[in-house]
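Chemist: Quick one: the structure is below, questions incoming.
The values are calculated or read from the model by the stated rules, or taken from the named source; none is laboratory data. Because the structure is a prediction, the values reported are computed rather than measured. All Cβ positions, glycine included, derive from the backbone under ideal geometry; neighbour counts span all protein chains shown. Heavy atoms of the whole protein, side chains included, go into the accessibility calculation; ligands, DNA and RNA do not. Shrake-Rupley method; radii C 1.70, N 1.55, O 1.52, S 1.80 Å.
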Amino acid sequence: QVQLVESGGGLLQAGDSLRLSCAASLHTFSVYNMAWFRQAPGKEREFVAAIKWNGGTYYTDSVEDRFTISRNNAEKKVHLQMNSLKPEDTAVYYCAAQEPGRIGSAISDYNYWGLGTRVTVSS
């Protein structure tokens, strides 16, 4: 059974930094595309960042110069380094895994999901 477990969320102030981690139980983690999504209160879940099996990265415009996605295939983990956090970054952050193929940014592109970790940024 595939499990994705997020960690690292918390309560922060604007301008702070935070690193989220996702541990995956995927047997062949290295071939999966991995992503982070987030869902703010009262809003739909949205794409944040993705990293291909080969290390290529993609970001939504609002975080591109502040967030960095990375992966450690040996540890089967994906990370999201978030800098210069803003109140609008407040959300539950979800880790997602996509089976090998063309990387996507839609919820329907991803096959496995974690339960999320909450990030709250105060002004």
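Chemist: For residue 86, enumerate residues with amide H under 5 Å from its amide H, sequence gap 5+ or separate chain, H modeled in the peptide plane.
Modeler: Those qualifying (amide H under 5 Å, at least 5 residues apart or on another chain) are 15.
Chemist: While we're here: For residue 19, enumerate residues with amide H under 5 Å from its amide H, sequence gap 5+ or separate chain, H modeled in the peptide plane.
Modeler: 82
Chemist: When only C-alpha pairs under 8 Å and at least 6 residues apart count, what is the relative contact order of the chain, in percent?
Modeler: Relative contact order comes out at 36 percent.
Chemist: Please list 3J(HN,Hα) in residue order for region 74-85, calculated via the Karplus relation 6.51 cos²θ - 1.76 cosθ + 1.60 where θ = phi - 60°; whole Hz, with x for glycine and proline.
Modeler: Once rounded to whole Hz, the list reads 5, 8, 6, 10, 10, 10, 10, 8, 10, 10, 6, 4.
Chemist: Using the heavy atoms of the protein chains and a 1.4 angstrom probe, tell me the accessible area per residue for the chain in square angstrom.
Modeler: For the chain, the per-residue accessible area is 53 Å².
Chemist: Using θ = phi - 60° and the Karplus form 6.51 cos²θ - 1.76 cosθ + 1.60, what ³J(HN,Hα) does each residue of region 58-73 get, whole Hz, x for Gly and Pro?
Modeler: 9, 9, 6, 4, 5, 10, 4, 9, 10, 10, 9, 9, 8, 9, 10, 5
Chemist: Going by average Cβ density within 10 Å per residue, which order do the peptides 64-77, 20-33 take, highest to lowest?
Modeler: Highest-to-lowest ranking by the protection proxy: 20-33, 64-77.
Chemist: What are the aspartates and glutamates whose alpha-carbon lies under 19 Å from the alpha-carbon of residue 43, with same-chain residues fewer than 8 places away excluded?
Modeler: 61, 88, 89
Chemist: So what J values fall out for region 46-57 if you push phi through Karplus, 6.51 cos²θ - 1.76 cosθ + 1.60 with θ = phi - 60°, rounded to Hz, Gly and Pro as x?
Modeler: Result, ordered by residue: 10, 5, 10, 7, 9, 9, 6, 4, 9, x, x, 10 Hz.
Chemist: Can I ask one more? Calculate, axis by axis, the spread of Cα positions in the chain along the three principal axes, and write the results as whole Å, longest axis first.
Modeler: Sorted from largest, the Cα extents of the chain read 41, 25, 24 Å.
Chemist: Something else about it: Leaving out ligands, DNA and RNA, what percent of the accessible area of the chain is carbon and sulfur, probe 1.4 Å?
Modeler: That share works out to 45 percent.
Chemist: Something else: With charges set only on the Cβ (+1 for Lys and Arg, -1 for Asp and Glu), what does the dipole of the chain come to about its Cα centre, in debye to the nearest 20?
Modeler: 240
Chemist: Check residue 112: other-chain or 5+ apart residues with amide H under 5 Å from its amide H, H built from backbone geometry?
Modeler: Amide H neighbours of residue 112, under 5 Å, 5+ apart: 97.
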